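Report on one structure; see the data block that follows.
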Amino acid sequence: MSIFVDETTRVVVQGLTGRQGRFHGLRNRDYGTKVVAGVTPGKGGTDVEGIPVFDTVKEAAAATGANASFVVVPPQFAPEAILEAAAAGIPLIVCITEFIPAKDEAMVAALLRRNYPGTRLIGPNCPGIISPGRCNIGITAGEIARPGGPVGIVSRSGTLTYQALFELSQQGVGQTTCVGIGGDPVPGTTFVDCLAAFEADPETRAVLLIGEIGGEEEERAAAFIAEHMTKPVVAYIAGVTAPPGRRMGHAGAIVSGSSGTARAKMEALAAAGVIVAQNPTEAGQRVVEVVARLS
Amino acid sequence: MDLKEYQGKDFFRRYGVPTSEGRLARSLEEADEAARALGFPVVVKAQVLVGGRGKAGGVRLASDAAELADAARAILGMDLKGHTVNEVWIEPASQIRHEYYVSLTLDRAARLYLLMVSSKGGVDIEEVARTDPGAIARVHIDPIDGLSGDVIAQAIEQAGIGEGREHMPEVLGALYRAFTEGDADLVEVNPLVVRDDGQLVALDAKVTLDDSAAFRHPEWQAYRADEELDSREAIARARGLNYIGLDGSIGIIANGAGLAMATLDVVQQVGGRAANFLDLGGGAGAETMTAALDVIAGDPKVQALFVNIFGGITRCDDVARGIVAALDSVELRCPMVVRLDGTNAREGHEILKGVVSDRVIVETTMVTAAQRAVEEARRASA
């Protein structure tokens with residue numbers, strides 16, 4: 001099994017006719033993902049390499065049975081695109097768009113919470129989600145992932161996610177699902193959401209969590225792990241040396257005052273029984289060791 | 001983007017937040033002129049992006065022209081916690097009856113806006129939070145509902161606002177507009193004072209704008225023009241790079257913010273210190289790589305370069321071609337260690353073979369590459 005997506009996931013790409021949407025949508029299809037439709041207002045009736053394009057998500061879903069959306073549109077249009085997918089009844093929305101204003105993100109989160117509580121948003125500003133061999137929605141290079149489990153990965157950082165997938169695959173350790181939750185201040189899906197899903201997924205037997213400075217997400221993950229997780233968790237937190245008050249790339253990656261430091265997060269995770277690695281390579285090694293002990 | 005006090009007050013005025021009137025001065029003459037126009041006594045305030053300016057000697061009262069000259073001379077050009085003061089804000093001294101604290105920000109854990117109000121303003125609010133947390137009212141706001149009368153009443157009640165409370169709803173409403181319509185990540189007023197005429201006035205302004213919202217705020221250009229950056233940061237921004245200057249000797253180039261942060265960490269773990277944070281972003285072609293090498297190779301602190309690339313969508317062969325092309329146009333002052341891994345790493349290494357020397361070194365793992373870069377830097381500075 002996997003979490004949030006599997007081989008029955010049918011994807012509509014919002015923004016399929018754009019440069020990015022076309023590139024990643026077709027790559028996802030090449031990987032074996034069921035990319036069944038595209039949506040671009042005004043371009044309904046056309047197609048992108050055989051994938052039918054509709055004017056609205058509602059029409060696309062009705063015609064193709066799409067049950068997941070991949071939002072790949074510019075930041076000015078992404079909030080509306082996410083809400084359109086939710087209104088059309090799409091239960092899973094993956095948004096990779098970077099630089100959405102924080103106020104728009106907060107409003108989207110509030111509207112989803114109030115009007116569409118059953119909808120899961122992954123992202124924005126994330127690499128997406130991949131269940132190796134079954135489904136890949138987003139920009140992860142499918143060839144660096146390895147099917148078969150038993151490791152679940154959840155990460156706030158894109159490149160570190162790829163690095164983790166690659167290192168595990170190189171050592172013959174597969175993944176059940178890898179979720180990039182994104183580095184923005186208001187992620188649709190949190191570490192805790194993913195940890196709970198991995199804990200419930202019988203195929204996942206160990207979890208790798210990749211966090212970074214800023215916010216309290218890692219501390220909340222630590223509290224959840226201490227209370228609810230029976231499966232081993234390995235963690236790496238980027239930004240030990242980050243100076244306070246400077247934003248490091250991701251909107252969320254900022255140390256403000258005494259909160260949000262990598263040290264505090266590492267200590268909280270270690271106290272919850274998590275194996276905390278000092279760098280991404282060591283994290284990979286620790287996961288390999290954990291998996292070797294599972295059998 | 002963080003705004004300096006005078007910019008923050010300009011921002012506040014746009015949304016109707018009452019602020020003290022004042023003038024900006026960059027020289028003794030301008031300061032004198034401003035003070036005479038405003039009328040003594042005046043307050044002279046250093047305009048730099050650091051907290052605790054008062055304690056550090058960056059805020060002084062002047063009751064006549066002689067005192068003003070002393071104050072301006074002392075503050076203009078002073079070093080305030082590592083920042084040189086080039087501008088002072090001069091405003092009439094207020095007769096203050098009470099000092100409050102007010103701020104609006106996003107509570108990420110709750111996914112709601114957070115309004116904080118305290119009757120203990122004018123002092124370090126983090127200190128208040130530690131010693132007397134009950135003195136700070138914390139009220140959440142759902143973005144859909146906005147700032148309701150109930151929320152305002154609750155905040156005023158919890159914070160124990162006395163004098164000036166009749167003006168508080170209007171001020172909070174204006175601040176909320178500044179926060180939401182103004183796309184600020186943070187608006188903070190400390191102190192919000194009750195003047196002797198009973199009016200509430202923002203005596204200070206701390207504002208952080210959400211850079212992602214710049215596309216709908218052409219008026220921010222003016223703030224941007226006044227922004228003081230480490231000049232290398234300004235050059236890097238102009239070339240589309242995400243760069244932050246630090247004080248070590250290892251120049252860092254990485255793709256992705258997470259990997260760049262991890263690279264800084266690994267360099268420290270093996271005994272070195274990074275000279276910068278530099279995230280190439282998604283692409284890492286010849287143009288981006290040339291820009292990155294330009295920015296970092298020109299930094300006199302840098303004794304060795306560490307290029308750390310993990311190919312996901314970015315392909316290592318493209319990155320390698322970018323490095324080769326960049327080396328054609330940029331003169332390397334110091335050795336460069338390259339680590340390429342991920343998609344098409346083997347092809348990338350093949351391409352780099354043409355430029356490998358004792359100055360351009362290829363390593364296969366992040367840790368060994370960091371070790372090598374630190375060794376090279378030590379050798380260079382020995």
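Look through the stretch B:165-195, keep the residues that are out of contact with any helix residue (DSSP H, G or I) (no Cβ under 7 Å at 6 or more places or on another chain) and among the charged types (D, E, K, R), and return whichever of them is surrounded by the fewest Cβ atoms within 10 Å (Cβ to Cβ).
Selected residue: B:GLU166.
Restricting attention to the stretch A:26-64, which residues are of a type in the set (Phe, Trp, Tyr) and closer than 27 Å to A:GLU143 by Cβ?
Listed by number, the list holds a single entry, A:TYR31.
May I ask you to list the residues in the stretch A:258-295 that are in contact (Cβ under 8 Å) with a residue 24 or more places away in the chain, surrounded by fewer than 19 Cβ atoms within 10 Å (Cβ to Cβ) and of a type in the set (Gly, Ala, Ser)?
Answer for the stretch A:258-295, where residues must be in contact (Cβ under 8 Å) with a residue 24 or more places away in the chain, surrounded by fewer than 19 Cβ atoms within 10 Å (Cβ to Cβ) and of a type in the set (Gly, Ala, Ser): A:SER259, A:ALA264, A:ALA271, A:GLY273.
Which count do you get for residues in the stretch A:215-233 that are surrounded by 20 or more Cβ atoms within 10 Å (Cβ to Cβ) and under 18 Å from the mean Cα position of the chain (by Cα)?
Here the count works out to 5.
Check whether at least one residue in the stretch B:140-158 is assigned to a strand (DSSP E or B) and either farther than 30 Å from B:ARG73 by Cβ or β-branched (Val, Ile, Thr) (or both), and report yes or no.
Yes, there is a match, as at least one residue in the stretch B:140-158 is assigned to a strand (DSSP E or B) and either farther than 30 Å from B:ARG73 by Cβ or β-branched (Val, Ile, Thr) (or both).
I'm trying to understand the selection: among the residues of the stretch B:94-111, which are in a strand (DSSP E or B) and under 23 Å from the mean Cα position of the chain (by Cα)?
B:TYR101, B:VAL102, B:SER103, B:LEU104, B:THR105, B:LEU106, B:ASP107, listed by residue number.
Is it the case, given these coordinates, that A:ALA106 is at pLDDT 95 or above, within 12 Å of another protein chain (Cβ to nearest Cβ) and in contact with a Phe, Trp or Tyr (Cβ under 9 Å, 6 or more places away or on another chain)?
Yes, satisfied.
Could you grab me the full set of residues in the stretch A:159-198 that are of a type in the set (Asp, Glu) and in contact with a Gly (Cβ under 9 Å, 6 or more places away or on another chain)?
Passing the criteria: A:GLU167, A:ASP184.
For the stretch B:86-110, which positions are surrounded by 20 or more Cβ atoms within 10 Å (Cβ to Cβ) and of a type in the set (A, V, I, L, M, F, W, C)?
B:VAL88, B:TRP89, B:ILE90, B:VAL102, B:LEU104, B:LEU106
Give me a count of the residues in the stretch A:220-240 that are part of a loop (DSSP other than H, G, I, E, B) and either touching a Gly at 6+ places or on another chain (Cβ under 9 Å) or not β-branched (Val, Ile, Thr) (or both).
4
Limited to the stretch B:111-157, what total is found for residues that are over 15 Å from B:TYR176 (Cβ atoms), surrounded by fewer than 17 Cβ atoms within 10 Å (Cβ to Cβ) and at the interface with another protein chain (Cβ under 10 Å from one of its Cβ atoms)?
Going through the stretch B:111-157 one residue at a time, the tally reaches 3.
Tell me yes or no: at least one residue of the stretch B:352-363 is without any contact (Cβ under 8 Å) to a residue 12 or more places away in the chain and in a helix (DSSP H, G or I).
No, every residue in the stretch B:352-363 fails to be without any contact (Cβ under 8 Å) to a residue 12 or more places away in the chain and in a helix (DSSP H, G or I).
Would you check which residues across the stretch A:149-184 are surrounded by 24 or more Cβ atoms within 10 Å (Cβ to Cβ), away from every other protein chain (no Cβ under 11 Å) and not in a loop (DSSP other than H, G, I, E, B) and list them?
Correct list: A:VAL151, A:GLY152, A:ILE153, A:VAL154, A:LEU168, A:GLN175, A:THR176, A:THR177, A:CYS178, A:VAL179.
Quick one: which of B:GLU350, B:GLU376, B:GLU363, B:GLU331 is in the same structural domain as B:GLY281 (by TED's automatic domain parsing) and either of a type in the set (Ser, Thr, Tyr) or under 22 Å from A:ALA277 (Cβ atoms) (or both)?
B:GLU363
If a residue counts only when it is touching a helix residue (DSSP H, G or I) at 6+ places or on another chain (Cβ under 7 Å), which strands (runs of 3 or more DSSP E) contained entirely in the stretch B:1-64 have at least 3 such residues?
B:23-25, B:42-46
Could you tell me which numbered condition A:GLY188 fails, if it satisfies all but one of (1) more than 22 Å from A:VAL276 (Cβ to Cβ); (2) outside any loop (DSSP other than H, G, I, E, B); (3) not polar (S, T, N, Q)?
A:GLY188 satisfies every listed condition except (2).
Examine the stretch A:264-279 for a residue that is within 28 Å of B:GLY342 (Cα to Cα), in a loop (DSSP other than H, G, I, E, B) and modelled with pLDDT under 95, and state whether such a residue exists.
Yes, because at least one residue in the stretch A:264-279 is within 28 Å of B:GLY342 (Cα to Cα), in a loop (DSSP other than H, G, I, E, B) and modelled with pLDDT under 95.
Do we find a residue being out of contact with any Pro (no Cβ under 8 Å at 6 or more places or on another chain), assigned to a helix (DSSP H, G or I) and surrounded by fewer than 18 Cβ atoms within 10 Å (Cβ to Cβ) anywhere in the stretch A:70-80?
Yes; the residues of the stretch A:70-80 include at least one that is out of contact with any Pro (no Cβ under 8 Å at 6 or more places or on another chain), assigned to a helix (DSSP H, G or I) and surrounded by fewer than 18 Cβ atoms within 10 Å (Cβ to Cβ).
Of all residues in the stretch B:219-268, how many are farther than 24 Å from B:GLU287 by Cβ, more than 17 Å from the chain's Cα centre (by Cα) and more than 13 Å from chain A (Cβ to nearest Cβ)?
Number satisfying all stated conditions: 2.
Just to check your reading of the model, which residue among B:ILE250, B:ILE296, B:ILE244 is of a type in the set (A, V, I, L, M) and at pLDDT 95 or above?
Only one candidate qualifies: B:ILE250.
The values are calculated or read from the model by the stated rules, or taken from the named source; none is laboratory data. Computed from a prediction, not measured in an experiment: that's the story for all the values here. Every residue, glycine among them, receives a Cβ derived from its backbone with ideal geometry; neighbour counts consider all protein chains shown.
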